[in-house]
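Just so it is clear, none of the values below were taken in a lab; they were calculated from the coordinates. In this text, all values refer to a predicted model and were calculated from it rather than measured experimentally. Heads up, the Cβs are rebuilt from the backbone with ideal geometry, glycines too, and the neighbour counts pull from every protein chain shown.
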Ligand code: HPA
């Protein structure tokens, strides 16, 4: 960790960002037009190479309206075969860099039939169905407590802020519970019914490990999903990764506008 932090601080001249944004599917190019310092994950000591198509794999440091941000262009997914510790390592790095709030974005399937593909959903809570927890193992008391409270992972004031920003931009917004499954196979129709019964509104393959660790470290979390498809069985159509990529890119403008409004007002 010390090696990672030293390297990043040297590269960024001790930039010390206050906010971290993880850019999910379709949002990768959000920061392309900002003046920034970027570092490929491949250069950062102890960062693993990210393997998913459409995820560039770099940290981008930039200021927006006088506030300091670090963007993660690309994240690690458990289904890539990374250990759950690798998936959340960047979040611990963010904490050590001085980040106070983390915005997690992703693409997800709509489990709630009232939601529609291309809707955006503010995450109000999650269900961890990964079958593991990123905090398993020896506890680092410097980062957080052994048995952290998870009553308000997704901070109410940030949910309200995101809602207000959507309203300002006249963007329709949903709120709901995100369930994380490991993937990489999509869910079966029966699994989707189960998720609905459990109280999920959306299902995806990311975000929850990062949210757990960010909350554990005492950072504020805001989560936003781009609903790219109906989860399996809600319509008769089979799911494809291409559909997810296409819908994410169709909703991109709206998602980027909302994200920018949030960053301006956070
Ligand atoms: N299931 C799981 N993950 C996803 C989905 C889905 O339907 N859509 C986008 N990511």
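By the beta-carbon count within 10 Å of each Cβ, the least crowded to most crowded order of 41, 79, fewest first, is 79, 41.
Provide the gained length on full extension for the span residue 149 to residue 63, in nm with one decimal, where the gain is 0.36 nm per separating residue minus the Cα-Cα distance. Before the final figure, lay out the partial values.
Working: separation 86, 0.36 × 86 = 30.96 nm, distance 3.20 nm.
Gain on stretching residue 149 to residue 63: 27.8 nm.
The stretch 169-266: D in µm²/s via Stokes-Einstein (Kirkwood Rh, Cα pairs, 20 °C, 1.002 mPa s)? In µm²/s, the coefficient rounds to 142. Among 147, 30, the order by Cβ neighbours within 10 angstrom, fewest to most, reads 147, 30. What angle do you read, to the nearest 10 degrees and between 0 and 90, between the alpha-carbon axis of helix 252-265 and the longest principal axis of the chain? Orientation of helix 252-265: about 50 degrees from the principal axis.
What does the convex hull of the alpha-carbon atoms of the chain project to on average, in nm²?
On the way: hull surface 52.2 nm².
Average projection, Cα convex hull of the chain: 13.1 nm².
By the helix-only formula, in which each DSSP H run with n ≥ 4 contributes -39500 (n - 2.57) and the sum is divided by residues, the chain has a 222 nm mean residue ellipticity of -9000 deg cm²/dmol. Here the Gaussian network model covers the chain, with springs between Cα atoms less than 10 Å apart; of 95, 48, 67, 67 fluctuates the most.
As a rough footprinting exposure proxy, the listed residues 19, 7, 71 were ranked by other beta carbons within 10 Å of their own, and the order from fewest upward is 7, 19, 71.
Comparing 27, 161, 195 in a Gaussian network model of the chain (Cα springs below 10 Å), the most mobile by mean-square fluctuation is 161.
Each of the peptides 80-88, 168-176, 217-225 was scored by the mean count of other Cβ atoms within 10 Å over its residues; in descending order, highest first, they stand as 217-225, 80-88, 168-176. Angle, helix 241-250 long axis vs. longest principal axis of the chain, Cα atoms, 0 to 90°, nearest 10? The two axes meet at around 80 degrees. In a fully extended conformation the segment linking residue 265 and residue 188 would gain 23.8 nm over its present Cα-Cα distance, using 0.36 nm per residue.
Taking only Cα atoms and a 10 Å spring cutoff, compute GNM fluctuations for the chain and point out the largest among 207, 235, 124. For the chain, modelled as a Gaussian network with Cα springs under 10 Å, the answer is 235. Distance between the modelled labels on residue 242 and residue 42, one decimal in nanometres: 2.8 nm (7 Å Cα→Cβ projection).
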